[in-house]
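Down below is the structure, laid out as structure tokens.
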Amino acid sequence: MILNTKNLAALFEEQLNSWEQAGSNYEALAKVLVKEVTVDGFPFKVQFNPARIVSSAAKVDAKSISERKCFLCKENRPAIQKGLEYINNENTENPYTVLINPFPIFPKHLTIPLLDHTLQLISGRFDAMLNLAKELPGYTLFYNGPKCGASAPDHFHFQAGNKGFLTIESELQNMELEPISQTNNTRVSLVKGVFSGLLLLDSNSPFEANEIFEKILTVLPVKEQEAEPMINILSWYATSGVYEGRYITLIYLRDKHRPSHYFAQDDANILLSPASVDLGGVLITPLEKDFNKISEREIKEIMDEILISESDTKAIVNKIKTVL
Ligand SMILES: [Zn+2]
């Protein structure tokens, strides 16, 4: 079956009824505890979500990855897990499959792998992210880089969650922007505030947005032994508000995969492995002690540590200006 709004609604209904694990995790999600914490004027939500321990504590080093069966490959997925096909740019050989994520953060949470078992690298595939955002107007798409929260760094995939959940979607219009470049269709800006190194690319042309994205990618620093810059990406197609009719993309430039709080052996320990959802304003804590403990100070420390510094941001913005 192909991806469309009707088929997706039917898939949710069918999977939550027939697949016990998914059904009970979605049911449990409705009862998770949430608290709000404002940091530098930005409203974060903290979600205590025990089922996400699978992802937050996931071992993503090369050895662990090579020793496990890939859970995004069709042959290894549970027989009960069904999907919808999405063909991007007429690539029928290697379509995407839209799956219900059985370990949800969002009330509607999708995982969207490519059919082929192929590395998590965004170059050449960002156009699919924009096209999927248009195809799924009720959802925000996200991409976690291989060293930035992807729990399957060996199998290319996006995820998506229903709109109205990540606080940045509505907060964006209140955040100060510093223009970087502008064409008739596309604007690139630096978003000021709690997230250092956050770029906004908003466009009414997915074609041009993709071209500009690829150019930006060429000037972002790549760490030794890594295949792409450390980034998380959110994309959505705005159907209302000040950005109505535009493709919105947020690119978070990362410095670290996991913050020192993650590794701390004492009271400072917080099991929080930040990825796109956390950077979108919803922090996931699988342990109750962390949910109770985390406050403005810890969130600020985590954000400052995992995102690039202000001086690195300035240098990158200057490089971006030379290619746009
Ligand atoms: Zn795979």
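Throughout, read-outs are computed from the coordinates displayed, never taken from laboratory work. None of these values were measured; they are calculated from a predicted model. In this analysis, Cβ positions are derived from the backbone assuming ideal geometry, glycine residues included, and neighbour counts consider all displayed protein chains.
Adding -39500 (n - 2.57) for every DSSP H run of four residues or longer, then dividing by how many residues the chain holds, sets the calculated 222 nm ellipticity at -8500 deg cm²/dmol. Given +1 at the Cβ of Lys and Arg, -1 at the Cβ of Asp and Glu and no other charges, the dipole of the chain around its Cα centre is 220 debye to the nearest 20. The loop-placed trypsin sites (Lys or Arg not before Pro) in the range 54-105, going by DSSP, that have at most 11 neighbouring Cβ atoms within 10 Å of their Cβ come out as Lys59, Lys69.
Seen from Ile248, the other residues with C-beta closer than 9 Å to its C-beta sum to a net charge of -1, counting Lys and Arg as +1 and Asp and Glu as -1.
Rounded to the nearest angstrom and ordered from largest down, what semi-axes does the equivalent ellipsoid of the range 243-315 get from its C-alpha gyration tensor (root of 5λ)? Don't skip to the answer; put the middle values down first.
Values: eigenvalues 128, 55, 18 Å².
Largest first, the range 243-315 gives 25, 17, 9 Å.
Hand me the GluC sites (Glu not before Pro) from the range 169-232 located in a DSSP loop with no more than 14 other Cβ atoms within 10 Å, in residue order please. Walk me through the intermediate numbers first.
On the way: sites: Glu169, Glu171, Glu176, Glu208, Glu211, Glu214, Glu224, Glu226; in loops: Glu176, Glu224, Glu226.
Filter output for the range 169-232: Glu176, Glu224, Glu226.
Which residues among the range 44-80 fall inside the zone where the amide N is under 15 Å from a point 7 Å beyond the Cα of Glu20, along Cα→Cβ? Inside the label zone: 79-80. Taking 4 °C and 1.567 mPa s as conditions, the range 1-111 diffuses translationally at an estimated 79 µm²/s according to Stokes-Einstein applied to its Kirkwood radius (Cα pairs).
Past 27 Å, Cα to Cα, is the threshold; run Lys45/Lys69; Lys6/Lys134; Lys163/Lys300; Lys31/Lys192; Lys59/Lys256; Lys108/Lys134 against it and keep the listed order. Don't skip to the answer; put the middle values down first.
On the way: Lys45/Lys69 33 Å; Lys6/Lys134 15 Å; Lys163/Lys300 25 Å; Lys31/Lys192 34 Å; Lys59/Lys256 16 Å; Lys108/Lys134 17 Å.
Cα-Cα > 27 Å for Lys45/Lys69; Lys31/Lys192; rest within.
With unit charges on the beta carbon (Lys/Arg positive, Asp/Glu negative), name the residue among Ile270, Met1, Gln182 whose Cα is farthest towards the positive pole of the charge dipole of the chain. Selected residue: Met1.
The spread of Cα positions in the range 5-323, taken along each principal axis and listed from longest to shortest, comes to 53, 52, 41 Å. Based on C-alpha pairs under 8 angstrom that are at least 6 apart in sequence, the chain has a relative contact order of 20 percent. The local environment of Asn7, defined by Cβ-Cβ distances under 13 Å, has a net charge of -2 under the rule Lys, Arg +1 and Asp, Glu -1.
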